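Trainee: Starting off with a structure, shown below.
The values are calculated or read from the model by the stated rules, or taken from the named source; none is laboratory data. These numbers come from a predicted model, not from an experiment. All Cβ positions, glycine included, derive from the backbone under ideal geometry; neighbour counts span all protein chains shown.
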Amino acid sequence: MHIGVDEAGKGPVLGPMVAAAVRGDPDALPDGIADSKRLAPERREELAAKLRDRDDVEVGVAFVEPETIDDPETNMNLLTVRAQVEAAAEVAVDADELVCDAGDVSESRFGRRVREGVAEAGVEVEVHAQHRADDEHAIVGAASIVAKVERDRRVEEIAAAYGEVGSGYPSDGTTRKFLREYVREHGILPDCARKSWSTCADLMAAHEQSSLGDF
């Protein structure tokens, strides 16, 4: 069997990174599978539901929370490996062929780390790591869809707790406004924020150097 693995949310300043693994026959996947970034949210949700409803498809998901991302003892490359390994290990069986979207400039290094991580979890699989694998392999595209849907759900939960937060990406003006106003009101960053990201660090530096009235 084949396993596709991908992640969503590596770059946002809010919320977790999410990795997903989809195990099944690539030729038997629902029609319309593609890189999640090319699909409308409603279509992603529809396809993710179809994948989870299939008896011949297995899905694994792993979350990397902001406090883990902020740990100075690690980095995003290693955390991406860890998340992909955790998601894959939920569904992998010995001798499966795993294709993952490489989260490192070196495809071979990333693939080796994923293979070793899954082996440490007790499963021996063949691993192929490739940049933009979600464009070329439907099984990886399926994983990207599941990961994006799960990431979007977590952002919705954050918005339910805090109010409008935007997409969570630093380039989103709504996200920046939410963080700026939260810091102005509370003097600290919200728990959902990746405090080590420059967007957050810059906000806290500005807050500490100015009065609340000028911030």
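Trainee: I need the full set of residues from the range 118-170 which are crowded, with 23+ Cβ neighbours inside 10 Å, among the β-branched types (Val, Ile, Thr) and assigned to a helix (DSSP H, G or I), in order please.
Mentor: VAL118, ILE139, VAL140, ILE145, VAL146, VAL149
Trainee: Another one. Among all residue pairs at least 6 apart or on different chains, which show Cβ distances below 7 Å where the first residue, located in the range 35-62, is of a type in the set (S, T, N, Q) and the second is assigned to a helix (DSSP H, G or I)?
Mentor: Here the result reads SER36/ARG44; SER36/SER144; SER36/ILE145; SER36/LYS148, each pair linking the range 35-62 to a residue that is assigned to a helix (DSSP H, G or I).
Trainee: Suppose we keep only residues that are surrounded by 19 or more Cβ atoms within 10 Å (Cβ to Cβ) and within 24 Å of the chain's Cα centre (by Cα) within the range 171-198. Which one would you say is farthest from ASN75 (Cα to Cα)?
Mentor: Per the stated criteria, the residue is PHE178.
Trainee: Still on this structure: Does TYR182 fit the bill of being aromatic (Phe, Trp, Tyr) and part of a helix (DSSP H, G or I)?
Mentor: Here the answer is yes, as TYR182 does meet what is asked.
Trainee: Same structure again: Please specify each residue of the range 70-85 satisfying the condition of being part of a loop (DSSP other than H, G, I, E, B) and surrounded by 14 or more Cβ atoms within 10 Å (Cβ to Cβ).
Mentor: Correct list: ASP70 only.
Trainee: Given (1) assigned by TED's automatic domain parsing to the domain that holds ALA40; (2) hydrophobic (A, V, I, L, M, F, W, C); (3) surrounded by 17 or more Cβ atoms within 10 Å (Cβ to Cβ); (4) not in a helix (DSSP H, G or I), where does ALA95 come up short, assuming only one miss?
Mentor: (3)
Trainee: Going through the range 122-156 one residue at a time, which ones are within 12 Å of the chain's Cα centre (by Cα) and not charged (D, E, K, R)?
Mentor: ALA143, SER144, ILE145, VAL146, ALA147, VAL149, VAL155
Trainee: Right, here's the next one. So the check is Cβ under 6 Å with 6+ separation or different chains; which pairs have a first residue in the range 100-119 that's without any contact (Cβ under 8 Å) to a residue 40 or more places away in the chain and on the phi < 0 side of the Ramachandran plot and a second one that's of a type in the set (Asp, Glu) and buried (at least 17 other Cβ atoms within 10 Å of the Cβ)?
Mentor: Close Cβ pairs satisfying both conditions: PHE110/ASP104.
Trainee: Being surrounded by 21 or more Cβ atoms within 10 Å (Cβ to Cβ) and assigned to a helix (DSSP H, G or I), is that true of even one residue in the range 51-66?
Mentor: So far as the range 51-66 goes, yes, one or more of its residues are surrounded by 21 or more Cβ atoms within 10 Å (Cβ to Cβ) and assigned to a helix (DSSP H, G or I).
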